[in-house]
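The values are calculated or read from the model by the stated rules, or taken from the named source; none is laboratory data. Keep in mind the model is a prediction, meaning the values are calculated, not measured. Here the Cβ positions follow ideal geometry from the backbone for every residue, glycine too, while neighbour counts run over all protein chains shown.
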Amino acid sequence: MAVGDKIPACSSAKYDFRRRHGREDHRQPRFRPIAVNVTRVKSFLILAALAIIGFGPLSLTCLIGLFIVARRPDWFYRVVRNLYRDTDCGSTDCAARQEKLRSEAGMVRIKTFLCLLVLLVLDIAPVPVAGSIGLYVVVTRPCWFKTLVEKIYGGVMAPQSDA
């Protein structure tokens, strides 16, 4: 690399160290703390409690999920928007994308409802599957979950600024 060349945007600290010193970095990777916001902590605590309750004969987590898919309450959309506030997951602000989501919302809601019914049956086993999936979503915040929520709501909720 020449002196004036830019470092690629996806470069890592290890790459930068090798570039500067011409050798491998044998140091231990540094621990990167998880970004925490209030919504994430509250969601984690609620889902942990629901996972513990899920050891019973009926999965409360699945029943709440079925309610959310059927009724689409605005509080859940706000929770997801706040949970994903500081992530790189794209939003559906453009009008064409909103129209596409609106058209496929019915089919996505039916598929999600059926998946939650299957999870409700699987949660009869001693391991709470739905609660575990919920904890995974809160901890890792995968983009597919935000996309799924936006498809379920299908343009019902207008995109709002996070201010």
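Listing for the model above:
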{"item": "Residue under evaluation S59, criteria (1) within 20 Å of the chain's Cα centre (by Cα); (2) at pLDDT 70 or above; (3) surrounded by 13 or more Cβ atoms within 10 Å (Cβ to Cβ); (4) of a type outside the set (D, E, K, R), criterion not met", "result": "(1)"}
{"item": "Subset of region 36-52 (residues that are without any contact (Cβ under 8 Å) to a residue 24 or more places away in the chain, surrounded by 12 or more Cβ atoms within 10 Å (Cβ to Cβ) and either more than 17 Å from the chain's Cα centre (by Cα) or not in a helix (DSSP H, G or I) (or both))", "result": "A49"}
{"item": "Subset of region 111-152 [within 8 Å of the chain's Cα centre (by Cα) and surrounded by 14 or more Cβ atoms within 10 Å (Cβ to Cβ)]", "result": "V137, V138, R141, P142, F145, K146"}
